[in-house]
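Working notes, structure below.
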Amino acid sequence: MTRNKVKLEFITNDSARKATFNKRKKGLFKKVSELTTLCGVDACAIIYSPYAPSAEVWPSQAGAHSVLKRFKNLSQDDQGKKMLDQEKYLKQRIAKAEQLLEKLKKNNREKEINNIMYECLNGTRNLEGLNLEDTMDLCMLARKTSKEINERIVSLEKNAGDN
């Protein structure tokens, strides 16, 4: 049985909102607990809500004070080093995605030129229809391939001479 995707919008029904809050709070505390256990890190969670007279703290107030004290004792530079707001996080993700896109474009271009070279060698493609960029890239690939072949020949001749 699959879950339905939840629309992220304010829940207008008070009882449904309170029930959702309690379920998600419990899940958040569970995730923080798992994070500390599995990764061996210190973490705390503090939640202020209209449903409780005071803040709810995980693991305990003393534990949260300990984590926050360690954080406050760091220099300002160290405190902000790995902190991300949503905007910074999204910018970081976009930059990584753009890097990946450039890498994939480069790989696709190399494969495209490789295919053109093999089609030309097989006689299924004519060099006449290539534009300047394709011709130059094909020339670079041919030089690179020729160099690799010559290096392999030298290596084989050297090994044959040793026998």
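The values are calculated or read from the model by the stated rules, or taken from the named source; none is laboratory data. Everything numeric here is computed off the predicted structure, so don't read it as measured data. Positions of Cβ are backbone-derived with ideal geometry, glycine not excepted, and every protein chain shown enters the neighbour counts. When the accessible area is computed, the model is the full protein with side chains, heavy atoms only, and any ligands, DNA or RNA have been set aside. Shrake-Rupley method; radii C 1.70, N 1.55, O 1.52, S 1.80 Å.
Details
- Shown are Asp78, Asp134, whose ranking by accessible area with a 1.4 Å probe and every protein chain present, most to least, is Asp78, Asp134.
- For the chain, with +1 on Lys and Arg beta carbons and -1 on Asp and Glu, the positive-most of Leu138, Gln92, Phe71 along the dipole: Phe71
- Applying 1/(1 + (r/R0)^6) with r as the Cβ-Cβ distance of Lys82 and Glu112 and R0 = 30 angstrom yields a FRET efficiency of 0.15.
- A straight chain from Ile46 to Lys30 at 0.36 nm per residue would run longer than the Cα-Cα distance by 4.4 nm.
- Listed cross-link partners Lys111/Lys144; Lys5/Lys25; Lys106/Lys144; Lys5/Lys88 are compared with a 21 Å cut-off, the Cα-Cα value being larger for Lys5/Lys88.
- Going through [x] 10, 39, 32, 15, 3, 0; [y] 8, 18, 20, 18, 13, 11, 7, 4, 2, 0; [z] 7, 17, 19, 14, 10, 14, 14, 5, 1, the figure that equals P(r) over Cα pairs in 10 Å bins from 0, in percent as computed for the structure here is [z].
- Solvent accessible area, Å² - Asp14, 1.4 Å probe, full protein context: 100 Å²
- Total formal charge among the other residues, if their Cβ is under 11 angstrom from that of Lys158, Lys/Arg +1 and Asp/Glu -1: -2
- Springs between Cα atoms under 10 Å define the GNM used for the chain, and in it the highest mean-square fluctuation of Ala43, Ala16, Ala95 occurs at Ala16.
- Total formal charge among the other residues, if their Cβ is under 15 angstrom from that of Ala95, Lys/Arg +1 and Asp/Glu -1: +2
- Taking all protein chains together, Tyr89, Tyr118, Tyr51 sort by accessible area into Tyr118, Tyr89, Tyr51, largest first [probe 1.4 Å].
- Think of the chain as having a plus end and a minus end, set by charges on the Cβ of Lys, Arg, Asp and Glu; of Phe29, Met83, Asn159, Phe29 sits farthest toward the positive end of this dipole.
- In a reduced charge model with +1 at each Lys and Arg Cβ and -1 at each Asp and Glu Cβ, the chain shows a dipole moment near 1260 debye about its Cα centre.
- Portion, in percent, of the accessible area of segment 32-113 that falls on carbon or sulfur, probe 1.4 Å: 55 percent
- Residue-normalised accessible area of segment 29-163, expressed per residue, 1.4 Å probe, Å²: 85 Å²
- Each Lys or Arg adds one and each Asp or Glu takes one away; over the other residues whose Cβ falls under 15 Å from the Cβ of Leu141, this sums to 0.
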